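Visitor: Got a structure for you, questions after.
Nothing in this text is a laboratory measurement; each read-out follows from the coordinates by a stated rule. Bear in mind the structure is a predicted one, so any value in this text is a computation, not a measurement. For neighbour counting, all protein chains shown are included, and Cβ atoms are generated from backbone atoms with ideal geometry for every residue, glycine included.
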């Protein structure tokens, strides 16, 4: 195991000299890798989970949320629920009461629930209609609220590995890892609004620090997946980096996402097994293969993007996983019928 871990570190070091301009991330720490490899074992078995995001937007979205949650809670075969972030609209208050309300609602899921942050709950909180908050202060409050321990949200908890276990990245409690049925899962804190880049010096510094942490976490996740013999990797983040407009070329993504996706592309190429990226942000159900290899110029067929429905589209996606298949992921759009007909009146 140690020799494989060292080999994986050397691979990551080589990848660190790739196309991204942010600067090479610190390689995965061998002690951290060893703990993660011991904790996460690749035991293949079929399972289902739910994916949601961009929910509880305004009065209409809040009114539709109970039907969505009830639909998911009735699906007792779900192993867990992942939420891609944006737990409110971008034009409503970021006050403590909102955070308390969302925490209570997330803990009402029967299954374990894992959340990655979105831009609406911290990056955009400086807006006047959000309460003119300091964005970085709201990020700190978000971390204290939703990530006080290594336990998931939901009534039934699972224990998560967190990037904060590495002393170099103690701040990043939201970057989590867990495994199920021979598949490795990781949340990566990448948000809309250009990933918090380009507003002022303090927020640009936050972007740089978090992006370097994300580099390390992506590399760590793929190192664990390679060394641990996992059949697939699932990453969960909030941001749509611009896949819909640039035809999949990382070099043409928005500046706040480009470096992260160069690192991700490198790891996807080396892993050479199925990778699923679950994201939200633009509120439209999408299922495609949007990533074009920078070096090959070819679509990376083993990389799939799932974008969850959101905003006024208050439904959820069932992801069915069978690691024994060459294409281990299949998807079902779960219609919450009451939400097709309910409309809040002004």
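Visitor: Per residue of the chain, what 222 nm ellipticity follows from adding -39500 (n - 2.57) for every DSSP H run with n ≥ 4, rounded to the nearest 500?
Guide: Helix contribution divided over all residues of the chain: -11000 deg cm²/dmol.
Visitor: Suppose each label sits 7 Å from its Cα in the direction of the beta carbon; what would the residue 284-residue 95 distance come out to in nanometres?
Guide: Modelled inter-label distance: 3.5 nm.
Visitor: Can you give me the angle between helix 58-74 and the longest principal axis of the chain, using Cα atoms only, in degrees from 0 to 90, rounded to the nearest 10?
Guide: Long axis of 58-74 versus the principal axis of the chain: about 60 degrees.
Visitor: Please report the antiparallel percentage of the DSSP beta bridges confined to region 269-346, to the nearest 5.
Guide: Percentage antiparallel, nearest 5: 65.
Visitor: Continuing with the same structure: If you average 1/r over all unlike Cα pairs in region 230-346 and invert the result, what Kirkwood radius do you get in angstrom?
Guide: Taking every pair of different Cα atoms in region 230-346, averaging 1/r and inverting gives 15.5 Å.
Visitor: When the chain is modelled as a GNM with alpha-carbon springs shorter than 10 Å, which of 314, 82, 32 fluctuates the most?
Guide: Residue with maximal mean-square fluctuation among 314, 82, 32: 32.
Visitor: Specify the angular offset, from 0 to 90 degrees and rounded to the nearest 10, of the alpha carbon long axis of helix 96-106 from the longest principal axis of the alpha carbons in the chain.
Guide: Between the helix axis and the principal axis of the chain, the angle is about 70 degrees.
Visitor: Using the alpha-carbon atoms, what tilt in degrees (0 to 90, nearest 10) does helix 201-227 show relative to the longest principal axis of the chain?
Guide: The angle comes out near 60 degrees.
Visitor: Under a crude label model (7 Å from the Cα following the beta-carbon direction), how far is residue 202 from residue 340 in nanometres?
Guide: Reported label-point gap for residue 202 and residue 340 is 4.8 nm.
Visitor: If you rank 38, 220, 76 by fewest surrounding Cβ atoms within 10 Å, what's the result?
Guide: 76, 38, 220
Visitor: Which entry in (1) -0.88, -1.18; (2) -0.67, -1.15; (3) -0.80, -1.20 is this structure's computed log10 I(q)/I(0) by the Debye sum over Cα atoms at q = 0.11, 0.14 Å⁻¹?
Guide: (2)
Visitor: Just the number, please: percent antiparallel of the DSSP beta bridges in region 2-323, rounded to the nearest 5.
Guide: 45 percent
Visitor: Can I ask one more? Quick check on region 92-181: take the gyration tensor over C-alpha atoms, sort the square-rooted eigenvalues as a ≥ b ≥ c, and tell me if it's rounded (a/c under 1.5), prolate or oblate.
Guide: It comes out oblate by the Cα gyration axes.
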